[in-house]
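One structure is given here, and the rest of the page talks about it.
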Amino acid sequence: MKRREFVRTAGGATAAVAAGAGATGSAAAQEVQPEWPSGVTSGNLGSYLDARGQSEVTVQVGAGDSGLAFDPTQLWVDTGTTITWEWTGSGGAHNVQTVEGGGPASLDSGDPVGEEGYTYEYEVTEEDAGITHYHCVPHTAVGMHAGIAVGEDVPTVETGGGGSNGWPEDIAHVGVVLHPHWVGLAAILGVGLTFVFTFYQLKYGESAHTGHGGAR
């Protein structure tokens, strides 16, 4: 390999490492969410919406393939936001009610309703600040649970975009914990060592070859 070819190859390798590092950074990106109670995280569907900054937001009642879920299941809003629960007409009769001891917001839509288009509105106030766990009473046993977080002063956790530590499931579950920055450092070190090794091979290898040619 000539020096010019080597420089081109090394440059390409460096670009590939940079691209890989960027992809690793994206995979490891963290998102801050409220620290939902287990009853909320085990709710059907499990969709999440950060609706802070919005004055109004709608939650579907009777969502999902079986009509036994709230969508979004986990909702984060500001104080003063009006939340409208709207019935889809699927999954039977539903209602919205705070689980006993489930939080500061007193949600209660009344008796279960199965009518499509039926709505229940609730404007959250400062008294509702925190996390509230609610459910559909007739379907609580089959996982029709959800939660709302109100305001900025709620406990939060960082969540990844894929499997453990932000990696996709098939990479994260190889039996060891893989940290993205370790992979990036190892890749850069590997390219650096290759660069140095090849440089010396070219330099001294060509010198040796020239020397042999002169002896002839």
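Tabulated data for the structure shown
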item	result
Hey, PRO112 open to solvent by less than 60 Å² (accessible area, probe 1.4 Å), modelled with pLDDT of 95 or more and touching a helix residue (DSSP H, G or I) at 6+ places or on another chain (Cβ under 7 Å) or not	no
Cross-chain or 6+ apart pairs with Cβ under 6 Å, segment 85-99 first and over 11 Å from PHE70 (Cα atoms) and free of Cβ contacts under 8 Å to residues at least 40 places away in the same chain, then of a type in the set (A, V, I, L, M, F, W, C) and assigned to a loop (DSSP other than H, G, I, E, B)	THR98/LEU107
Hits in segment 40-73 (condition: touching an Asp or Glu at 6+ places or on another chain (Cβ under 7 Å), open to solvent by 30 Å² or more (accessible area, probe 1.4 Å) and in a strand (DSSP E or B))	THR58, GLN60
Condition met for GLU127 (assigned to a helix (DSSP H, G or I), closer than 18 Å to THR81 by Cβ and without any contact (Cβ under 8 Å) to a residue 40 or more places away in the chain)	yes
Filtered residue count, segment 138-152, keeping only those that are within 15 Å of GLY67 (Cα to Cα), open to solvent by less than 60 Å² (accessible area, probe 1.4 Å) and not in a strand (DSSP E or B)	4
Counted residues, segment 27-39 - those being surrounded by 15 or more Cβ atoms within 10 Å (Cβ to Cβ) and assigned to a loop (DSSP other than H, G, I, E, B)	3
Qualifying residue in segment 91-102 (condition: assigned to a strand (DSSP E or B), of a type in the set (Ser, Thr, Tyr) and within 22 Å of SER42 (Cα to Cα))	yes
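Yes or no, residue by residue, for (1) assigned to a loop (DSSP other than H, G, I, E, B); (2) modelled with pLDDT of 50 or more; (3) within 18 Å of the chain's Cα centre (by Cα); (4) among the polar types (S, T, N, Q):
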| position | (1), (2), (3), (4) |
| --- | --- |
| GLU116 | yes, yes, no, no |
| GLU121 | no, yes, no, no |
| TYR134 | no, yes, no, no |
| VAL154 | yes, yes, no, no |
| ASP170 | no, no, yes, no |
| GLY175 | yes, no, no, no |
| ALA186 | no, yes, no, no |
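The values are calculated or read from the model by the stated rules, or taken from the named source; none is laboratory data. Because the structure is predicted, anything quoted here is derived from the model rather than measured. With ideal geometry, Cβ positions are generated from the backbone for all residues, glycine too; neighbour counts draw on all protein chains shown. Ligands, DNA and RNA are stripped out before the accessible areas are found, and what is left, the full protein with its side chains, is counted by its heavy atoms. Shrake-Rupley method; radii C 1.70, N 1.55, O 1.52, S 1.80 Å.
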